[in-house]
Amino acid sequence: MPGQNNIFHFVKETGGIIHFTGRTIRYMFKRPFEFTEFIKQATNAGLNSLPLVSITALIMGLVLTLQTRPVLADLGAEAWLLGMVFISVVVEIGPVIISLIFAGKVGSGIGAELSSMRVSEQIDAMEVSGTYPMKYLVVTRVAATTLMLPLLVVYADFLALVGSYLGISMHQGYAFGLFVKEAFNDLYFHDVFPAFIKTILFGFSVGVISCYYGYHTNRGAEGVGKATNTAVVISSVMVFIIDLLAVQITNLIL
């Protein structure tokens, strides 16, 4: 039956991802660590995402400020604008949107690259020759995404702050130093820390899922396209799931 087949496929894929995650973590602590390849992958992940992240973050801060300001002005609460916009960006909007962009940009690249290597039998050749493809191909990419996504989110938060400043400056003069001070007034450690931890989990999940579908792709060009598309879709869904769980856990603790 189609329903039973779908459930079986879901359970099989979930088990496969969990097992693959366990193998990835285990190989991370096995020597030697492919540091040169890790630096290469981290550089590629960061530089490839930088232009799109920059534009998105700047526009995000600008648009959010322009859309929120009239509503707060009608309520007589315009003084809350800076704190509300910046908290929204740092705690929720920034990490999720940048992670989705990262999944689409970097996750698709990882999925396409590894699936192409699988189809062209390069991974098989590495396994036969005694090279550990999990260490060289998977661990380095997962470590790179886990490191680079939080850094990109911090960078995006700063650009969103600049965009918000531009939105405010369209209506009134504002010293940038005073603007930054007021924006940070309502931002506390218990807001920033959970958001930062989320970005680490987002980066790890994007790396693992993209590597999983690329590493285990079917043969042929069709398998490459399917692996790339599936990697992006599942990574994006995982971002939302982790975000939901993180919000619930944070609400219980704090």
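First measure r as the distance between the Cβ atoms of residue 245 and residue 218, then evaluate 1/(1 + (r/R0)^6) with R0 = 30 Å and state the FRET efficiency to the nearest 0.05.
For R0 = 30 Å, the calculated efficiency reads 0.45.
Using just the helices of the chain, give the 222 nm mean residue ellipticity in deg cm²/dmol: DSSP H runs with n ≥ 4 each add -39,500 (n - 2.57), and the total is spread over all residues, rounded to 500.
My calculation for the chain gives -27500 deg cm²/dmol from helical runs alone.
Using the Kirkwood radius over Cα pairs, work out the Stokes-Einstein diffusion coefficient for the chain at 20 °C and 1.002 mPa s, in µm²/s as a whole number.
The calculation lands on 108 µm²/s.
Measure nothing but the geometry: give the 0 to 90° angle between the long axis through the Cα atoms of 176-185 and the longest principal axis through the Cα atoms of the chain, rounded to 10°.
That works out to roughly 70 degrees.
Between residue 158 and residue 25, what is the spin-label point distance in nm, taking each point 7 Å from the Cα along the Cα→C-beta axis?
Distance between the two pseudo-spin positions: 3.2 nm.
Residues of the stretch 156-197 with amide nitrogen under 12 Å from the 7 Å Cα-to-Cβ point of residue 253?
190-197
Under the 0.36 nm per residue contour assumption, what length would be gained going from the current alpha-carbon distance of residue 54 and residue 127 to full extension?
Gain on stretching residue 54 to residue 127: 22.3 nm.
Sequence gap at least 6, Cα distance under 8 Å: using those rules, report the relative contact order of the chain to the nearest whole percent. Display every interim value, and only then the final one.
Working: 308 pairs, mean separation 81.5, N = 254.
In percent, rounded to a whole number, it is 32.
Is the shape of the stretch 54-166 rounded, prolate or oblate, going by the alpha carbon gyration tensor and its root eigenvalues a ≥ b ≥ c, with a/c under 1.5 for rounded and a/b larger than b/c for prolate?
In terms of gyration-tensor shape, prolate.
If I take R0 = 22 Å and measure r between the Cβ atoms of residue 191 and residue 63 in this structure, what FRET efficiency does the formula 1/(1 + (r/R0)^6) give, to the nearest 0.05? Please report the intermediate quantities before stating the final value.
Values: r = 22 Å, r/R0 = 0.99.
So the FRET efficiency works out to roughly 0.50.
Mind checking the per residue accessible area of the chain for me, 1.4 Å probe, whole number of Å²? Walk me through the numbers before you get to the answer.
Numbers: 13360 Å² over 254 residues.
Solvent-accessible surface per residue comes out at 53 Å².
Could you tell me which of 17, 203, 108 has its Cα farthest along the dipole of the chain towards the positive end, charges placed at Cβ (Lys, Arg +1; Asp, Glu -1), taken about the Cα centre?
Most positive-ward Cα: 17.
For the stretch 199-235 and the stretch 160-188, write down the distance between their C-alpha centroids in whole Å.
Cα centres, the stretch 199-235 to the stretch 160-188: 39 Å.
Quick one: helix 35-74 against the long Cα principal axis of the chain, what's the angle to the nearest 10°, folded into 0 to 90?
Here the helix axis deviates by roughly 30 degrees.
Quick one: if you stick a label point 7 Å off each Cα along the C-beta vector at residue 35 and residue 71, how many nm between them?
Here the answer is 5.0 nm between the modelled labels.
For the chain, which whole-number percentage of the solvent-accessible area (1.4 Å probe, protein heavy atoms only) is attributable to carbon and sulfur atoms?
The nonpolar share, carbon plus sulfur, comes to 69 percent.
Could you work out how much longer the chain between residue 136 and residue 14 gets when fully extended? Use 0.36 nm per residue separation minus the Cα distance between them, nm to one decimal.
That pair, residue 136 and residue 14, stretches by 41.5 nm at full extension.
The values are calculated or read from the model by the stated rules, or taken from the named source; none is laboratory data. Here the structure is a predicted model, which is why all the values come from computation and not from measurement. Every residue, glycine among them, receives a Cβ derived from its backbone with ideal geometry; neighbour counts consider all protein chains shown. Quick note on the areas: whole protein, heavy atoms, side chains included, nothing else; ligands and nucleic acids left out. Shrake-Rupley method; radii C 1.70, N 1.55, O 1.52, S 1.80 Å.
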